[in-house]
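Written out below as structure tokens is the structure these notes cover.
The values are calculated or read from the model by the stated rules, or taken from the named source; none is laboratory data. All of these numbers come straight from a predicted model, not from anything done at the bench. FYI the Cβ positions are ideal-geometry reconstructions off the backbone, even for glycines, and counts take in every protein chain you see.
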Amino acid sequence: MPSRINPSILAADFANLERELGRIRTADLVHVDIMDNHFVPNLTFGPPVVSRLAQVSPLPFDVHLMIDNPERWAPGYAEAGAFSVTFHAEATTNPVGLARKLRSIGARAGIALKPGTAVEPYLELLPEFDQVLVMTVEPGFGGQSFMPSTMRKLKTLSETVRKSGLDVWLQVDGGITEETIAIAAEAGADTFVAGSSVFNAADPAAQIARLRAAADEHRHAH
Ligand code: DX5
Ligand code: ZN
């Protein structure tokens, strides 16, 4: 399975989102960062904007909810047709209930971990999820530097997923460049979010191809 590259439109030109979506059509999914100025100290967009963008996007949406009270909002993104909806472990006391709800609507369910959140309590919940997002920066802003300290969690996850035979995608998000994508691929990631490295490139499609090639080169054949 080739590595998946999901550009984050947080780094796109917000005055031209339809055009920006067209520039990344060779990617796998569009990563959409939802921030509420409570769970993180930043604010982006909400359901009406995401629903409308989904109508004009050539690719399906990988929604990343950096919000409090995901029980209230996550199902709406699934109903709007998101391919996957990922909420933060730190924001809910009932991750399994919410994952089941999302899957029942037809979306893939993802759980995200901030850099300081341990992965061990979530390992036994993996059958309930289609994706785990290991944050490689503190959530809230694009353009930050990749934190190599988060790779230990990814190794634990990839070993657990491999031994269990489950089909859970392992996603990294934050500071992904041609250099850091190799480190994350080596540690077991298969799905890579990249904001500024894609949208700041002169040719986003060429950058997507370079990122995918770098990841493929460093992934282990399990
Ligand atoms: C950060 C967001 C990321 C962000 C990544 O809180 O979750 O998706 O857009 O941006 P870069 O790739 O610039 O670090
Ligand atoms: Zn994100």
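Could you tell me whether segment 138-151 includes any residue that is hydrophobic (A, V, I, L, M, F, W, C), under 20 Å from S84 (Cα atoms) and at pLDDT 95 or above? Checked against the condition, which is being hydrophobic (A, V, I, L, M, F, W, C), under 20 Å from S84 (Cα atoms) and at pLDDT 95 or above, segment 138-151 yields no hits at all. Filtered by the rule that a residue be within 11 Å of ligand 2 (Cβ to nearest atom) and of a type in the set (S, T, N, Q), segment 16-68 gives a lone residue, T44. Which residues, counting only those in segment 190-206, are within 14 Å of ligand 1 (Cβ to nearest atom) and either basic (K, R) or touching a Phe, Trp or Tyr at 6+ places or on another chain (Cβ under 9 Å) (or both)? T191 - this is the single residue of segment 190-206 that is within 14 Å of ligand 1 (Cβ to nearest atom) and either basic (K, R) or touching a Phe, Trp or Tyr at 6+ places or on another chain (Cβ under 9 Å) (or both).
The criterion of at least 3 residues that are among the polar types (S, T, N, Q) and within 19 Å of F14 (Cβ to Cβ) is met by none of the strands (runs of 3 or more DSSP E) wholly inside segment 24-96.
Within segment 173-222, restricting attention to residues that are free of Cβ contacts under 8 Å to residues at least 60 places away in the same chain and acidic (D, E), the residue that is nearest to V134 (Cα to Cα) is E186. Candidates are the residues of segment 1-23 that are assigned to a loop (DSSP other than H, G, I, E, B) and crowded, with 20+ Cβ neighbours inside 10 Å; the one that is nearest to ligand 1 (Cβ to nearest atom) is A12.
Of all residues in segment 69-88, those satisfying the criterion of being touching a Leu at 6+ places or on another chain (Cβ under 8 Å) and buried (at least 20 other Cβ atoms within 10 Å of the Cβ) are P70, A74, Y77, A78, S84, V85, T86, F87, H88. Among the candidates A112, A99, the residue that is surrounded by 17 or more Cβ atoms within 10 Å (Cβ to Cβ), in a strand (DSSP E or B) and at pLDDT 95 or above is uniquely A112. Taking the criterion of being modelled with pLDDT of 95 or more, away from ligand 1 (no atom under 16 Å from the Cβ) and closer than 20 Å to A27 by Cβ, would at least one residue in segment 58-73 satisfy it? The answer is yes, given that some residue of segment 58-73 is modelled with pLDDT of 95 or more, away from ligand 1 (no atom under 16 Å from the Cβ) and closer than 20 Å to A27 by Cβ.
Over 28 Å from D68 (Cα atoms) and either away from ligand 2 (no atom under 12 Å from the Cβ) or not small (G, A, S) (or both) - does that describe any residue in segment 2-9? There is at least one residue in segment 2-9 that is over 28 Å from D68 (Cα atoms) and either away from ligand 2 (no atom under 12 Å from the Cβ) or not small (G, A, S) (or both). Flag: T92 matches the condition of being buried (at least 17 other Cβ atoms within 10 Å of the Cβ) and away from ligand 2 (no atom under 16 Å from the Cβ).
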